[in-house]
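What follows is a set of notes on a single structure, which appears directly below.
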Amino acid sequence: MSFITLIVKNTFRNKVRSLLTIVGIAIGIATIISLGLLSNGLTSSFDKTIHSGDSDFSILSKQQNETGDNPFGTSTLSEDWLNKIKGISGVKDAKGVYLVVLLVENKPMSLGGISYDDLTLKDNTIINGRNIANNADNEVIIGKLASETLNKSVDDEINIGDERFKVVGIFESGNSNQDDSIYTLINSVWKIKKNEGVLSLISVYIEKGADVKEVTKDIENKYGENISTITSVSDVKRIADLRNMITGVSWAISLLAIIIGGIGMINTMIMIVFERTREIGVLKAVGWSRTDILRMILGESLVLTLFSAIIGSIIGVIVVEALVSAGITGSIFHPVFTLETFVQGFIAAILVGLFGGLYPALKASKLTPTEALRYE
Amino acid sequence: MMTPIIKINNLKKSYENGNIKALNGINLEIEKGDFVSIIGQSGSGKTTLLNMIGALDIADEGSIEVSGYNLNKMKNLNKFRSIEVGFIFQLHNLIPNLSSVENIEIPMYIHNYSSKERRKRALELLDLVGLKDKAETKPTKLSGGERQRVAIARALVNKPSIILADEPTGSLDSKTSKNILDLLIDLHEKENVTLIIVTHDLNIAKLANREIEVLDGQIIDSKFQGN
Ligand SMILES: Nc1ncnc2c1ncn2[C@@H]1O[C@H](COP(=O)(O)OP(=O)(O)OP(=O)(O)O)[C@@H](O)[C@H]1O
Ligand SMILES: [Mg+2]
């Protein structure tokens with residue numbers, strides 16, 4: 001029997017207690033994992049929005065209006081910025097995008113208003129029906145996920161704001177954020193929002209051979225007072241703030257989960273050491289050193305937490321999937337499964353094991369053999 | 001003249017801030033390969049003396065040397081215990097969720113054996129105590145005598161030079177007691193290990209080459225007896 005086998009056997013000596021301890025810690029780990037998955041999803045949703053239409057970079061207004069109903073706020077740009085940007089050398093094209101989140105058939109949906117040229121980029125993602133025809137401002141295409149959420153398919157009608165639209169196509173891009181959105185011509189969104197000529201952002205395409213850095217620098221130099229260029233999500237202050245907040249809250253909750261798990265762990269391990277006092281005396285009598293005892297008890301608490309991490313990961317994934325399929329997470333949260341999140345969960349579990357096991361293990365290792373053996 | 005394996009000089013040990021004088025000046029020499037019994041009233045200090053010899057506790061005063069190790073000065077007492085002594089207690093103190101053979105492996109973890117070697121050696125010992133067919137049985141499914149046999153195997157597994165048995169038959173019926181004693185004596189003779197048994201049973205005490213009586217933490221009688 002290897003030392004590891006011995007530790008695992010010891011861990012499951014009292015099966016009910018071990019199981020309860022594992023479940024308790026697993027819930028903490030599940031919390032950490034599901035928060036991680038959701039906040040990952042938030043970040044990557046933003047990232048993909050910014051790079052929608054495969055543009056090289058985007059332009060946002062610097063005037064922030066905090067009462068926004070979309071993740072970029074209502075920081076808006078007027079349409080005449082398009083021509084100014086097109087005038088910069090190295091810029092091939094600039095397209096206005098108007099993104100809003102609004103209730104469609106009572107569900108929060110993101111609606112993207114884009115130009116006809118940008119729409120054609122979606123041609124090859126259409127899996128059902130067709131793309132919007134040029135100037136057809138009563139037509140929309142909806143992503144596959146959105147069509148499921150709304151229970152709409154090709155030729156159905158949907159109400160957005162006070163306007164009625166016809167679904168002409170369903171698309172699937174593979175990007176869950178886009179696939180949970182509705183796209184239409186930018187004019188239609190202006191009509192719905194009664195906000196003619198307004199842009200959320202401008203996607204900029206640069207000439208072949210031009211350098212993104214150079215072009216953005218030129219734009220910042222010329223118009224830096226009013227607009228900012230963003231090449232990645234971390235450039236957007238509002239999003240960065242939101243993301244920091246979510247990350248902060250996740251960390252706080254995770255820390256709490258670790259502390260609660262750790263206390264449960266201390267409790268269980270103290271009980272174990274207490275019950276096995278005599279046995280620890282015997283181990284010392286047959287020659288085990290303090291370190292040997294410490295290793296065994298710490299090992300047992302690590303085994304408990306590793307099982308917790310595995311079960312917690314599974315619960316975490318199930319919870320996230322359940323939240324998503326129940327539609328509670330809204331249209332901007334889409335879980336993104338990264339190894340990192342699970343690694344974090346396992347690190348948290350190991351911390352709980354070490355933190356919770358150390359004190360009882362030290363206590364056990366310091367028992368004097370004679371007293372441990374006299375223990376009834 | 002043989003050299004003593006145990007040399008104890010004016011050994012004192014007290015508990016509860018000196019209020020309980022468990023050992024009060026013990027002087028004792030025991031020859032290598034001897035079989036010694038220790039008798040005395042309850043609370044006279046027998047277990048304490050045995051624990052001192054096995055380095056489970058440290059003396060307050062006096063000197064104690066076992067197998068050439070000065071136990072007053074030694075740092076790694078656990079090392080000494082793992083090489084030189086094997087303990088057998090009144091209660092078998094086996095680990096309940098481990099099989100017989102796994103229990104016997106326990107003292108070997110601190111040495112550099114492979115898993116396989118550990119298992120092999122543990123099975124040899126199990127054979128030696130006549131329990132080869134109970135290797136996979138857990139202590140709860142063993143009789144009292146069988147448990148004590150497993151405990152004896154566990155005490156012998158690291159090839160100690162001294163066996164310290166504290167009332168090893170204290171909770172067994174007389175027939176089983178006799179079997180266990182026969183086994184211990186047999187092992188003592190075959191392996192030439194020094195055997196020290198604490199007992200309340202004068203009939204058992206008589207089996208030893210030497211009988212020591214303890215009272216109030218002192219040796220009041222020590223007689224060699226032929227057998
Ligand atoms: N760890 C300890 N803490 C406090 N007192 C102790 C401790 N160990 C032993 N004693 C006391 O020391 C005295 C001698 O104890 P010891 O266990 O050596 O007696 P014993 O001869 O083995 O008795 P018994 O035959 O009942 O086993 C007793 O009064 C006992 O209460
Ligand atoms: Mg005693």
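The values are calculated or read from the model by the stated rules, or taken from the named source; none is laboratory data. A quick note: this is a predicted structure, and the numbers were derived from the prediction, not measured. Positions of Cβ are generated from backbone atoms using ideal geometry, with glycine treated the same way; all protein chains shown enter the neighbour counts. Ligands, DNA and RNA are stripped out before the accessible areas are found, and what is left, the full protein with its side chains, is counted by its heavy atoms. Shrake-Rupley method; radii C 1.70, N 1.55, O 1.52, S 1.80 Å.
Assorted remarks:
- Charge dipole of chain A about the Cα centre (unit charges at C-beta), most positive-ward option of A:Leu199, A:Leu302, A:Asn134: A:Leu302
- Per-residue average of Cβ from other chains inside 10 Å of A:368-374: 5
- Among B:Gly18, B:Met52, B:Ile6 the positive-end extreme of the charge dipole of region B:2-114 (Cβ point charges): B:Gly18
- Overall, the anisotropy analysis places region B:95-170 in the oblate class: the square-rooted eigenvalues a ≥ b ≥ c of its C-alpha gyration tensor yield a/c not less than 1.5, with a/b not exceeding b/c.
- The distance between label points at B:Lys138 and A:Arg17 comes to 1.5 nm (points 7 Å beyond Cα on the Cα→Cβ vector).
- Residue-level accessible surface for B:Phe35, protein heavy atoms, 1.4 Å, Å²: 10 Å²
- For A:Lys9, the aspartates and glutamates whose Cα falls under 17 Å of its own Cα, not counting residues fewer than eight places away in the same chain, are A:Glu275, A:Glu279, A:Asp292, A:Glu300, B:Glu102, B:Glu105, B:Glu136.
- Taking all protein chains together and rolling a 1.4 Å probe, A:Met271 ends up with roughly 80 Å² accessible.
- Debye log10 I(q)/I(0) at q = 0.14, 0.19, 0.21 Å⁻¹ for region A:63-225, Cα point scatterers: -0.74, -1.20, -1.36
- A 1.4 Å probe, protein heavy atoms only, puts the accessible area of A:Trp81 near 30 Å².
- Interface A:B - total buried accessible surface [probe 1.4 Å, Å², rounded to 100]: 2000 Å²
- Sites B:Asp173 and A:Thr338 - FRET efficiency at Förster radius 51 Å, r taken between beta-carbons, to 0.05: 0.15
- Residue-averaged beta-carbon neighbours from other chains (10 angstrom radius) around B:151-163: 1
- Note on A:286-297: average number of Cβ atoms from other chains within 10 Å of each residue's Cβ is 5.
- Put simply, chain A fits an ellipsoid with semi-axes of 58, 23, 16 Å; these come from the alpha carbon gyration tensor as the roots of five times its eigenvalues, largest first.
- Selection among A:Leu77, A:Ser115, A:Ile315 by position relative to the dipole of the protein assembly as shown gives A:Ile315 as farthest towards the positive end (Cβ unit charges, Cα centre).
- Listed by chain and number, the aspartates and glutamates placed with their C-alpha closer than 12 angstrom to that of B:Lys132 are B:Glu124, B:Glu146; residues fewer than eight positions away on the same chain are left out.
- Of the peptides B:42-48, A:27-33, the order by per-residue mean of other Cβ atoms within 10 Å, starting with the highest, comes out as A:27-33, B:42-48.
- FRET efficiency, 1/(1 + (r/R0)^6) with R0 25 Å, evaluated for A:Arg290 and B:Glu29 via beta carbons: 0.20
- Isotropically averaged projected area of region B:4-224, using the convex hull of Cα atoms (one quarter of hull area), nm²: 12.0 nm²
- Region A:63-225, dipole about Cα centre (Lys/Arg Cβ +1, Asp/Glu Cβ -1), debye to the nearest 20: 180 debye
- Cβ-derived FRET efficiency at R0 35 Å, A:Val249 paired with A:Glu148, nearest 0.05: 0.75
- Student exercise, the protein assembly as shown dipole from Lys, Arg, Asp, Glu Cβ charges, in Debye to nearest 20: 2000 debye
- Rough spin-label spacing in nm, given labels placed 7 Å along Cα→Cβ, for A:Glu105 and A:Ala326: 2.2 nm
- Residue pairs exceeding 31 angstrom between C-alpha atoms, taken from A:Lys284/B:Lys134; A:Lys84/A:Lys166; B:Lys13/B:Lys116; B:Lys21/B:Lys175: A:Lys84/A:Lys166; B:Lys13/B:Lys116; B:Lys21/B:Lys175.
- Ranking B:Glu146, B:Glu191 from most to least accessible surface, computed with a 1.4 Å probe over the protein chains only, gives B:Glu191, B:Glu146.
- Considering helices alone, the calculated mean residue ellipticity of chain A at 222 nm is -18000 deg cm²/dmol, with DSSP H runs of length four and up weighted by -39500 (n - 2.57) and normalised per residue.
- Label point 7 Å beyond Cα of B:Lys7 along Cβ direction - residues of region B:47-78 with amide nitrogen under 12 Å: B:63-71
- Cα-centre dipole for region B:4-224 with unit charges at Cβ (Lys and Arg positive, Asp and Glu negative), debye to 20: 660 debye
- Separation in nanometres of the label points that stand 7 Å from Cα toward Cβ, at A:Leu242 and A:Lys208: 3.7 nm
- Note, ³J(HN,Hα) from phi for region B:74-84, Karplus 6.51, -1.76, 1.60, rounded to Hz, x at Gly and Pro: 6, 8, 8, 4, 5, 4, 4, 4, 6, 9, 9
- For region A:63-225, the antiparallel share of DSSP beta bridges with both residues in that region comes to about 70%.
- Cα-based reach from B:Lys7 at 13 Å (exclusive), listing aspartates and glutamates while leaving out same-chain residues under 8 positions away: B:Glu29, B:Glu31, B:Glu65
- Cα gyration tensor shape of region A:82-133, rounded if a/c is under 1.5, else prolate or oblate by comparing a/b with b/c: oblate
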